[in-house]
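A short write-up of the structure that comes next.
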Amino acid sequence: MADTMQFDLVSPERLLTSVQAGAVQLPGADGNLTAMPDHAPLITTLRPGLVRASGPEGEAEYVVTGGFAEVSSESVSVLAERAVPREEMTQEEFSTMISEAQKKLEKTKEVFVNEPGPVDDAAKLLSDLVAMGDEMGLSAY
């Protein structure tokens with residue numbers, strides 16, 4: 001069994017990291033998961049949360065607002081909708097994310113009257129962002 005695997009994190013703007021990692025924690029849509037070398041292959045959607053990678057070069061955290069992760073026995077590739085290194089996340093940027101999610105929820109409520117599915121999804125996005133902020137010590141309001 002290998003001790004590490006390739007970990008790549010990409011956002012639409014840039015490649016955030018490409019390193020060897022011993023474990024990668026992901027905020028999967030169905031719950032948190034940790035991928036390690038020789039993990040069973042899977043593809044999952046991501047909810048807002050922290051991606052944590054640990055390996056020979058140390059530990060790193062990244063804020064993601066959603067996206068996809070592909071896990072294989074040899075690698076983890078994350079394609080994030082939006083991603084920022086944890087140390088670069090400011091209260092101002094987090095407040096902008098919350099404001100955007102609130103506007104999306106309000107617009108979804110207007111467009112999808114009596115259709116709970118899309119409204120529930122938009123409300124969950126906002127709720128997940130608030131929970132992520134709480135975990136990082138950032139205020140949603």
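Throughout, read-outs are computed from the coordinates displayed, never taken from laboratory work. Model, not experiment: these values are computed from the prediction. Heads up, the Cβs are rebuilt from the backbone with ideal geometry, glycines too, and the neighbour counts pull from every protein chain shown.
Of note:
- In the chain, the DSSP-assigned H stretches of four residues or longer account for a calculated mean residue ellipticity at 222 nm of -10500 deg cm²/dmol, using -39500 (n - 2.57) per stretch and the full residue count as denominator.
- 3J(HN,Hα) from dihedral phi, the stretch 28-42, Karplus parametrisation 6.51/-1.76/1.60, rounded to Hz, x for glycine, proline: x, 4, 9, x, 5, 9, 10, 9, 10, x, 6, 5, 5, x, 6
- Calculated from backbone phi, Karplus (6.51, -1.76, 1.60) coupling profile of the stretch 103-116 in Hz, x at Gly/Pro: 5, 5, 4, 4, 5, 5, 4, 6, 6, 10, 5, 6, 10, x
- Note on residue 141 and residue 43: their simple-model spin labels are 3.9 nm apart, each label 7 Å out from Cα toward Cβ.
- With K and R counted +1 and D and E -1, the other residues having a Cβ less than 15 Å from that of residue 140 yield a net charge of -3.
- Amide H contacts of residue 33 (H built 1.01 Å from N, in plane; Pro and chain starts excluded): 26, 28 sit under 5 Å, all sequence-distant by 5 or more or on other chains.
- At R0 = 41 Å, FRET efficiency that the Cβ-Cβ distance of residue 114 and residue 32 yields, to 0.05: 0.80
- Each 5 Å bin, from zero up to the one with the longest distance, holds this percent of the alpha carbon pairs of the chain: 2, 10, 19, 20, 18, 13, 9, 5, 2, 1, 0.
- Maximal additional length on extending the residue 100-residue 87 stretch stands at 2.5 nm, based on 0.36 nm per residue less the C-alpha distance.
- Calculated from backbone phi, Karplus (6.51, -1.76, 1.60) coupling profile of the stretch 124-141 in Hz, x at Gly/Pro: 5, 4, 4, 4, 5, 5, 4, 4, 4, x, 4, 5, 8, x, 10, 8, 7, 9
- Sorted largest first, the spans of the alpha carbon positions of the stretch 90-136 along the three principal axes are 36, 16, 7 Å.
- Amide H partners (placed H, <5 Å) of residue 81, local residues excluded: 65, 66, 67, 68
- The charge dipole of the chain, taken about the Cα centre with unit charges on the Cβ atoms of Lys, Arg (+1) and Asp, Glu (-1), comes to about 320 debye, rounded to the nearest 20.
- For the stretch 5-86, the Kirkwood estimate of hydrodynamic radius, built from reciprocal distances between every pair of different alpha carbons, is 12.1 Å.
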